[in-house]
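Only one structure is covered here, and it is reproduced in the block below.
The values are calculated or read from the model by the stated rules, or taken from the named source; none is laboratory data. The model shown is predicted, which means the values in this text are computed figures rather than measured ones. Positions of Cβ are generated from backbone atoms using ideal geometry, with glycine treated the same way; all protein chains shown enter the neighbour counts. Accessible surface areas use protein heavy atoms only, side chains included; no ligands, DNA or RNA. Shrake-Rupley method; radii C 1.70, N 1.55, O 1.52, S 1.80 Å.
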Amino acid sequence: MNSDHRPHTPARRALLRAALTGTAALGTGLAAGTPAAVAAPTEVPPRKRPTTAEEALRELAEGNRRWRAYRERHPDETPAVRQALTTAQHPFALVLGCIDSRVAPELVFDQGLGDLMTVRTAGQVLDEAVLGSLAYGVLELGIPLLMVLGHQSCGAVKAAVQADESGTELPAHIQYLADRISPAIDRTKSGDARIDSTVDANIRLVRARLAAEPELAAKVGSGALAVVGARYELTTQRVHRL
């Protein structure tokens with residue numbers, strides 16, 4: 001008997017079959033040097049984009065309902081959309097939100113690439129860079145909706161309230177944030193109620209400041225822009241207007 005002849009055990013036969021189909025070393029479904037077969041992505045027809053503030057608000061409300069129900073669609077992520085966005089962008093809403101990691105606008109409104117232009121600062125604090133960024137979205141891109149989005153249990157607001165009560169100086173540049181939130185502090189309340197009320201008051205204050213900016217005010221006056229305030233509740237995941 002030839003000493004090189006070995007019985008074809010089930011394990012060896014399986015290995016030989018895998019080698020013949022090019023999957024032995026690379027795993028099932030992969031051929032040597034050949035990418036795995038991937039199903040062609042299903043193309044979704046382009047959705048109608050909001051062109052007015054009212055339409056934009058409805059779209060955001062619908063997206064937030066999907067988010068709360070865990071039925072997100074993750075729109076505008078297809079290859080076709082990504083390719084189209086290489087040459088132009090047409091976001092339908094501009095959101096000034098907080099840096100809090102739990103309140104990402106694209107997630108809580110279930111929107112995708114090219115849908116929202118977002119600016120995020122702790123406590124929605126304004127400065128020249130923020131104002132310039134917001135003005136760019138409105139004046140250069142013609143975005144019809146500017147939303148100031150605050151949220152429940154805002155850490156920046158809490159820090160500002162506590163620093164105001166204790167009279168202590170906050171470290172580094174955090175005091176800058178507290179100084180700008182300070183005018184919104186609701187001193188008619190105390191404890192957690194003061195912090196919660198100040199969250200709302202700060203949203204309204206920032207919204208009023210933006211609406212008073214001359215070039216933005218002109219857009220509001222012509223009906224081309226709406227500036228609104230809204231709040232995200234961490235406990236319910238709901239966004240509601242103030």
Name the long-range amide H neighbours of residue 93: under 5 Å, sequence gap of 5 or more, or other chain; modelled H, no Pro or chain starts.
117
For residue 151, what residues show an amide H to amide H distance below 5 Å, using hydrogens built from the backbone and excluding near sequence neighbours?
232
Cα extents of region 123-242 along the three principal axes, largest first, in whole Å?
44, 33, 23
Carbon and sulfur together cover what percent of the accessible area of region 114-234 at a 1.4 Å probe radius?
51 percent
Per-residue SASA entry for residue 157, accessible area with 1.4 Å probe, Å² rounded to 10
0 Å²
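Net charge near residue 229, counting Lys/Arg +1 and Asp/Glu -1 over other residues with Cβ under 9 Å of its Cβ?
Details: positive: 204, 207, 231, 241; negative: 200.
Taking every Cβ under 9 Å from that of residue 229, the sum is +3.
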Point-to-point label distance, residue 174-residue 68, nm (Cα→Cβ direction, 7 Å offset):
3.3 nm
Return the lysines within reach of residue 158: Cα separation strictly under 29 angstrom, same-chain partners fewer than 8 residues apart disregarded; answer none if there are no such residues.
189
What does the accessible area of residue 136 come to, in Å² to the nearest 10, when a probe of 1.4 Å is used?
110 Å²
From largest accessible area down, sort 219, 158, 48; use a 1.4 Å probe on the protein chains.
48, 158, 219
